[in-house]
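This report concerns only the one structure given below.
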């Protein structure tokens, strides 16, 4: 079986689209559950979606490989990490334009995890899964699929996208459970993004992406750069939890 | 000895007829609707994709003075105008819901386009993989 829809843009796009639809549906439910009736929240979701779609393509532009931005836009790479950065920028641009002050991260975080869990099924069905496992659980490519990806046939490869689907599904479940227990608005989003950054850094070792420098891939270098900022944000979340716990314990 | 805590200042009762501010709502009229925005966006993006697929190959073979202009419009002009227009409409209260629909239509179009491509490809190959 290997990768049943190898290099099929239609299957990949369909699953990404379904992920977006599920995220919008969950966003609507969560908005209602929290009693948020402000119309600007839909506009901010639109900003996130539009800027995410553009960022996924634009922020991966490799000028050395394809000097023309138009050519890159037509047939260049896309990246989830670049899409997330674009969506994050979009939310902030939208909030600035619409003069919306409250934090929106907690509203978006479970929706993003859900869309990633579904969207990554598209990657699992169409893309090179990963590096050789050395174990029996790997995905084995047919000779045709191996030729398409420039990879080895008949060898078990890490199903790195399945690992990622499992991460996002677990993160989604955990966020549903803990979404009302954190001290401050926005903390859920910080913890999810930090968790994904750490997970993604680790899974890149079995993804099979090209090494950029010192054996680390482009996404790993990006994550290394943002790691100090994420570590600081996680520390503030944990610090805010302590007084809240003490208040709970005190009579 | 520390001083005893001061009592909180007495609350001023709200004036008669006062209502606390509710959640912000965009003006509702037929033209300012999310669904209409999504529909208009999907139609516009669909037309753009169709024109790009239909006219793009002709332009790449043709060498008329208009070719670079048309290529620019098809390649960059429409996406930029669409995005800028959607942002401007979203920023105006009277058209905010319609503009947000145009932005959301970008994601919805991806779903529809991929679904249509997949259905066509499955139909052509006749394969049930």
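The values are calculated or read from the model by the stated rules, or taken from the named source; none is laboratory data. Predicted, not measured: the structure shown is a model, and the values here were computed from it. Every residue, glycine among them, receives a Cβ derived from its backbone with ideal geometry; neighbour counts consider all protein chains shown.
Does residue A:24 count as out of contact with any strand residue (DSSP E or B) (no Cβ under 6 Å at 6 or more places or on another chain) and part of a helix (DSSP H, G or I)? Can you show your working first?
Numbers: out of contact with any strand residue (DSSP E or B) (no Cβ under 6 Å at 6 or more places or on another chain): yes; part of a helix (DSSP H, G or I): yes.
Here the answer is yes, as residue A:24 does meet what is asked.
Looking for something at pLDDT 90 or above, closer than 18 Å to residue A:193 by Cα and outside any helix (DSSP H, G or I) - is there at least one such residue anywhere in segment A:82-103?
Yes, there is a match, as at least one residue in segment A:82-103 is at pLDDT 90 or above, closer than 18 Å to residue A:193 by Cα and outside any helix (DSSP H, G or I).
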- Query: When segment A:137-162 is examined, which residues are found to be surrounded by 18 or more Cβ atoms within 10 Å (Cβ to Cβ) and touching a helix residue (DSSP H, G or I) at 6+ places or on another chain (Cβ under 6 Å)?
  - Reply: A:158, A:160, A:161
- Message: What's the number of the only condition in (1) more than 7 Å from chain A (Cβ to nearest Cβ); (2) at pLDDT below 75; (3) within 30 Å of residue A:2 (Cα to Cα); (4) assigned to a helix (DSSP H, G or I) that residue B:109 fails to meet?
- Response: (2)
- Mind counting the residues in segment A:114-156 that are modelled with pLDDT of 90 or more and under 30 Å from residue A:21 (Cβ atoms)? 19
- Task: Residue by residue through segment A:31-53, note down the ones that are in a helix (DSSP H, G or I), facing chain B (nearest Cβ under 7 Å) and farther than 19 Å from residue B:91 by Cβ.
- Result: A:53
- Note on the structure: Being surrounded by 17 or more Cβ atoms within 10 Å (Cβ to Cβ) and closer than 25 Å to residue B:102 by Cα narrows A:124, A:107, A:96, A:128 down to just A:107
- Only residues that are at pLDDT 75 or above and within 12 Å of chain A (Cβ to nearest Cβ): list them for segment B:26-41, please. B:32, B:33, B:34, B:35, B:37, B:38, B:41
- Return yes when residue A:13 is surrounded by fewer than 19 Cβ atoms within 10 Å (Cβ to Cβ), farther than 30 Å from residue A:99 by Cα and within 8 Å of chain B (Cβ to nearest Cβ) and no when it is not. no
